[in-house]
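Structure first, then comments.
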Amino acid sequence: MAFDLLREIVKNKFLLFLMEEKEYVRKLEEIIKSVGKTKTKICYVCMSKPYADVSKELEDRGIDISNFFFIDVLTSYYKEPEPAGNCIFVRNPNDFAAIRAAISRTISEKQCSVLLFDTISTMLIYQETSSVVKFTHHLLSEKGQENVKKLFIVLKHDTVPMEENQKLVKDLEMFADKTLDMG
Amino acid sequence: MAKKRIMIVDDEESLLQLMEAILTNEGYQVITASDGKECLEKLKTDKPDLILLDMMMPGMSGREVCEKIRENPKTKNLKVAFLTVAKFSEAGRDVLKKMNVADYINKPFDNDDMIRRVKKIVG
């Protein structure tokens, strides 16, 4: 990697991470481990995998998730989730307002200083690019979250049309302090 | 002397009305459009002195609309300023320079500041 990941995370407020799907698990782990080193509370939005899978995978890799607070937008859509103290379940991945409210609540109640959005490109499955960008805008300009670091994961080839994915990246790059291509 | 013409493009109806009222009161002739498609359609017959373009709109983002304005030989030299809720990053401001964007106004804005910025661009 041509950059120091931890340094970039410490230095920047809004980071956009681009990665290939085949590298996704490994690269995401690098990011999470680097964020973990900052010893801060993390609001983790699980957009592409349910909370149960994400938390288990993190623990299996030896990552301490005691500082993680999750927002799961998938499980409730398919079944009644088992209640978890460190997770809010949003009923519908299409309900951007509910996701935003869950993020605000988690950040405020748990005093998280990092928001990790895994993965923002997956939102394109549910709504058009401009709605996803607008949602992101609202997240970036949310009052009371000026000091919260926002880390967004984008898969370069997510299961959405390439053109839409590129549009999303171009629009988000206008606001990102840095875009890091993780390969 | 002919009034300077300003096109405001925003999907928030209340904001369009407010900006139209403010700028009309300042002596400008105002044209409005509620999305990028309507803006590009109106630009086929209208050449405003300034386009105030919201970054986040349904269908096409302000960036996409601006790119299309710049691609078209008939509109490529029109003055554009963005309206935005989120703040542009340094990288974003570089993109604005490349797109020859005159300025950007953060929403919500102070009315006097918005007028001052518009006057600075179109006089």
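FYI, it's all coordinate maths here, none of it is from the lab. No experiment lies behind these values; they were computed from the predicted model shown. All Cβ positions, glycine included, derive from the backbone under ideal geometry; neighbour counts span all protein chains shown.
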Just a yes or no: is a residue in segment B:29-42 within 26 Å of A:S141 (Cα to Cα) and of a type in the set (A, V, I, L, M)? yes
Checked A:V90, A:V132, A:V160, A:V169 against criteria (β-branched (V, I, T), surrounded by fewer than 21 Cβ atoms within 10 Å (Cβ to Cβ) and under 27 Å from A:A52 (Cα atoms)); the one match is A:V160
When segment A:163-183 is checked residue by residue, the ones that are within 12 Å of A:I153 (Cα to Cα), more than 9 Å from chain B (Cβ to nearest Cβ) and outside any helix (DSSP H, G or I) are A:L180, A:D181, A:M182
The number of residues in segment B:106-123 that are touching a strand residue (DSSP E or B) at 6+ places or on another chain (Cβ under 7 Å) and either of a type in the set (K, R) or within 14 Å of chain A (Cβ to nearest Cβ) (or both) is 3
Of all strands (runs of 3 or more DSSP E) fully inside segment B:1-116, the set with 1 or more residues that are within 26 Å of A:Q127 (Cβ to Cβ) and over 11 Å from the mean Cα position of the chain (by Cα) is B:103-106
Query raised in the report: Taking the condition over 30 Å from A:R7 (Cα atoms) and within 14 Å of the chain's Cα centre (by Cα), does A:P161 pass?
Result: no
Over segment A:144-157, the set of residues of a type outside the set (V, I, T), in contact with a strand residue (DSSP E or B) (Cβ under 6 Å, 6 or more places away or on another chain), more than 25 Å from B:V101 (Cβ to Cβ) and buried (at least 19 other Cβ atoms within 10 Å of the Cβ) is A:K149, A:L151
B:S34 meets each of (1) buried (at least 17 other Cβ atoms within 10 Å of the Cβ); (2) among the small types (G, A, S); (3) more than 23 Å from A:K167 (Cα to Cα) with one exception, condition (3)
Scanning segment A:29-66 residue by residue, those under 20 Å from A:N12 (Cβ atoms), touching a Ser or Thr at 6+ places or on another chain (Cβ under 9 Å) and surrounded by fewer than 21 Cβ atoms within 10 Å (Cβ to Cβ) turn out to be A:T38, A:T40, A:K41
